[in-house]
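One structure, as C-alpha cells, below. Some questions next.
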Amino acid sequence: MTNTWTMTKVLIRQRIQTVVNTLIVTIVATIITAILMYFGGSAHFSIDLFYYAFQPYSFIGGIYLFIRLAIRQEHTWVDNYYRSVPITNLKLYMANLFGTICNFVIYCLAQSLIFTILQVASHGIHWPEMSVWMDAAEGIIILGLTCLFIWTFVSLVHLLSVTIMAFLPETQIRLAQWAIYLVVIITASYLFNQLWQLFLMPFSNYNIAAIFGVFAVIFTLISSLNVYLLEKWVETK
C-alpha cells in the first residue's frame, strides 16, 4: 500500500457502506412518506407521489453523507493505523481527499439515477433545452468546487486545532476551541456568501477559467499547509 491509488481504493471500500446505508435510508423514507400521504388522503397513489417525496430526502441524505464523510476523513489524519502506512503524507492526503470525493460522487450518481427513473416513469422522456443543460452544468461545477473547498477547509481547521491545542495547558484548551470556532464561523459565513452570489449568477456570466484559476490557487495553498501540518506537527492517537 505504497501508492496513492491503492490507498484511495482502501478508503473508498471502507466508506462505501456509509454511502449504501444513506441511500437505503432515503429510499425507505421516501416509500414510507408516500404511503402515509396516500392513506392520509392528501395524494393519489402514483409514481408522481414517489417522485416528489424522493426529492427532499435525496437532498437531506446528501447533506448527512457530506458531514459523515467529512468526519471519516478527519479521523484518518490522527489515526495511528493510517499514519503508520508506508506512504508519504502528501499521498495520504490526496488519497483521503479523493476517496471522500469518490464516495460522495457515487451517492450523487445513484440518487440521480433513481431521480431520472422516477421522472421518466412519471412524466416520460423530455429532452431539456440547452439553457437547462447550462444551468445543470453551472450547479455541478460550483457544487463540486464548493464541496472540495469545504473538505479541505475543514481539514485545515481540524489540523490547526490539533496543532495549537498540543501546546496549550489543559485549562486553556476550551478557550482556544471557542476562539477557533468563532474565526471559522466568521470566515465560513463570508465564503458561503461569496459562493451564494456565484449560484445566483447566470452561467453565461461566469469566467470559468478565472474561477478554476482562483480555486486552484486556494486549494493548493490550503492543501500545502495541511500536508505541512501533517508532516511536522499533527500527532496520531
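For region 59-98, give me each residue that is within 15 Å of Thr18 (Cα to Cα) and either in contact (Cβ under 8 Å) with a residue 12 or more places away in the chain or not assigned by the TED database to the domain that holds Thr30 (or both).
Matches in region 59-98: Ile60, Gly61, Gly62, Tyr64, Leu65, Phe66, Arg68, Leu69, Ala70, Arg72, Gln73.
For region 17-50: of the residues being at pLDDT below 85 and assigned to a helix (DSSP H, G or I), which is surrounded by the fewest Cβ atoms within 10 Å (Cβ to Cβ)?
The residue in question is Phe39.
Run down Phe192, Phe215, Phe203 and say which single residue is closer than 26 Å to Leu92 by Cβ, outside the structural domain of Val78 (by the TED database), surrounded by 11 or more Cβ atoms within 10 Å (Cβ to Cβ) and at pLDDT below 85. Lay out the reasoning, then the answer.
Numbers: Phe192 fails: closer than 26 Å to Leu92 by Cβ; Phe203 fails: closer than 26 Å to Leu92 by Cβ.
Unique residue meeting the criteria: Phe215.
Give me the pairs, please: first residue somewhere in region 17-37 and assigned by the TED database to the domain that holds Phe115 and of a type in the set (D, E, K, R), second residue anywhere and in a helix (DSSP H, G or I) and modelled with pLDDT under 95, beta-carbon distance under 8 Å, and either six or more positions apart or on two chains.
none
Suppose the filter is hydrophobic (A, V, I, L, M, F, W, C) and under 27 Å from Phe215 (Cβ atoms); does Met94 pass it?
Yes; evaluated as a whole, the condition is true for this residue.
Those residues that are in contact with a helix residue (DSSP H, G or I) (Cβ under 9 Å, 6 or more places away or on another chain) and either open to solvent by less than 20 Å² (accessible area, probe 1.4 Å) or part of a helix (DSSP H, G or I) (or both), I need them from region 165-178; list them, please.
Residues satisfying the conditions are Met165, Gln172, Ile173, Ala176, Gln177.
Here is a further query. Would you check which residues across region 56-98 are surrounded by fewer than 19 Cβ atoms within 10 Å (Cβ to Cβ), of a type in the set (A, V, I, L, M) and in a helix (DSSP H, G or I) and list them?
Ile60, Ile63, Ile67, Ala70, Ile71, Leu90, Met94
Scan region 140-164 residue by residue and report those that are farther than 15 Å from Ile222 by Cα, in contact with a helix residue (DSSP H, G or I) (Cβ under 7 Å, 6 or more places away or on another chain) and open to solvent by less than 40 Å² (accessible area, probe 1.4 Å).
Scanning region 140-164 gives Ile142, Thr163.
When you check Gln14 against the structure, is it under 21 Å from Ile87 (Cβ atoms), buried (at least 17 other Cβ atoms within 10 Å of the Cβ), modelled with pLDDT of 90 or more and among the polar types (S, T, N, Q), yes or no?
For Gln14, the condition - under 21 Å from Ile87 (Cβ atoms), buried (at least 17 other Cβ atoms within 10 Å of the Cβ), modelled with pLDDT of 90 or more and among the polar types (S, T, N, Q) - is not met.
The values are calculated or read from the model by the stated rules, or taken from the named source; none is laboratory data. Computed from a predicted model, the values in this text were never measured in an experiment. Every residue, glycine as well, gets a Cβ built from its backbone with ideal geometry; the counts of neighbours run over all protein chains shown. Surface accessibility is based on the protein's heavy atoms, side chains included, excluding ligands, DNA and RNA. Shrake-Rupley method; radii C 1.70, N 1.55, O 1.52, S 1.80 Å.
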